[in-house]
Each structure stands twice: as C-alpha cells, then as structure tokens.
Amino acid sequence: MTKPYILCVDDERTILMSLRAQLRHWYKDKYNIEIAESAEEGLELIKELLDEGEQIAVVISDWLMPGMKGDEFLILVHEHYPELTKIMLTGHADPEAVERTKQLTNLSGCVNKPWTQADFYSVLPPEQEET
C-alpha cells in the first residue's frame with residue numbers, strides 16, 4: 001500500500017519548499033508530500049489523487065492567497081471531501097475567518113507562520129494512525 005499524502009497549498013513557492021522539506025524531515029517516510037501554488041491547483045490535485053485511489057491524510061492551506069483565500073478553499077474541500085483532515089497555515093489570518101472555518105469544516109487546527117515542529121505535532125501528531 002502506498003503512503004498517504006499531505007497536500008500543502010500556498011501561493012509562495014519558498015514557503016511550500018520549506019514546509020515540504022520540514023514535513024519530510026519530521027514525519028520521515030510516513031507521508032508523500034505534494035504541493036500546490038493556488039487553491040484551484042489544490043482542488044485539482046485532491047481530485048486527481050483520490051481518482052487514482054490514493055489516500056490524502058491532511059490538507060494544509062495558507063489563508064492569504066490571491067483568488068480564493070484559504071478559508072474558502074478549506075470550506076470547498078470539506079463540502080466535497082469531509083473526511084479529509086484540514087489545517088490552516090497563516091501569518092495573518094482574519095480571526096473571524098479562522099473561527100468560521102473551524103465551525104464549517106471541522107478544522108483540525110491553525111498553525112501560525114513562522115511554524116515549529118511542535119505546532120504541527122499539536123495538530124498532526126507523529127504517532128497519528130494512518131486511516
């Protein structure tokens with residue numbers, strides 16, 4: 001069986017590269033890490049992976065992105081794929097948007113930039129069972 005995926009969505013490529021490298025280091029070989037540079041690309045990637053029979057463990061999305069903001073993206077993800085774990089990543093999210101996202105999507109957590117390993121372990125523990 002293939003490893004489940006963590007999908008990271010952020011419009012800043014340097015953030016994505018750093019996040020992917022750190023997640024790979026922290027979680028070792030437990031997950032495949034995929035990145036998308038927009039909410040639209042993230043939605044396409046989720047559909048593609050699931051259509052191929054892959055498992056997505058977590059979707060991590062920045063809040064402030066051009067086009068579709070992270071809260072809108074995570075709400076759409078939840079409407080189509082409610083079983084997916086969702087985490088918001090932000091440097092400056094509107095608290096009302098975060099609260100609304102929590103209420104509408106069963107958001108697992110909100111991680112602030114700059115993040116730490118402990119921040120991610122608080123919402124996605126290293127011992128989390130693969131589902």
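Observations
- Criterion (farther than 22 Å from Lys102 by Cα and at pLDDT 95 or above) met by exactly one of Glu40, Glu52: Glu52
- Enumerated strands (runs of 3 or more DSSP E) restricted to the stretch 1-86, each holding at least 2 residues that are among the polar types (S, T, N, Q) and on the phi < 0 side of the Ramachandran plot: none
- Restricting attention to the stretch 70-79, the residues being touching a residue at least 24 places away in the same chain (Cβ under 8 Å) and open to solvent by 50 Å² or more (accessible area, probe 1.4 Å) number 2.
- Residue-level analysis places Gly70 among those that are closer than 25 Å to Leu104 by Cα and among the small types (Gly, Ala, Ser).
- The set of residues in the stretch 84-131 being among the charged types (D, E, K, R), open to solvent by 60 Å² or more (accessible area, probe 1.4 Å) and without any contact (Cβ under 8 Å) to a residue 24 or more places away in the chain consists of Glu96, Glu99, Lys102, Glu127, Glu129.
- The one condition in (1) at pLDDT below 95; (2) under 21 Å from Pro4 (Cβ atoms); (3) among the basic types (Lys, Arg) that Lys113 fails to fulfil: (2)
- Candidate set: the stretch 38-69, residues that are of a type in the set (Asp, Glu) and surrounded by fewer than 16 Cβ atoms within 10 Å (Cβ to Cβ); chosen: the one nearest to Val123 (Cα to Cα): Glu54
- Hey, Lys28 touching a Ser or Thr at 6+ places or on another chain (Cβ under 9 Å), under 22 Å from Trp115 (Cβ atoms) and charged (D, E, K, R) or not: no
- Filter pass, Pro114 being farther than 17 Å from Glu37 by Cβ and part of a loop (DSSP other than H, G, I, E, B): yes
- Identity of the residue in the stretch 1-33, buried (at least 20 other Cβ atoms within 10 Å of the Cβ) and in contact with a Gly (Cβ under 9 Å, 6 or more places away or on another chain), that ends up farthest from Thr105 (Cα to Cα): Asp10
The values are calculated or read from the model by the stated rules, or taken from the named source; none is laboratory data. What you see is a predicted model; the values in this text were computed from it and never measured. Backbone-built Cβ (ideal geometry, glycine too); neighbour counts: all protein chains shown. Ligands, DNA and RNA are stripped out before the accessible areas are found, and what is left, the full protein with its side chains, is counted by its heavy atoms. Shrake-Rupley method; radii C 1.70, N 1.55, O 1.52, S 1.80 Å.
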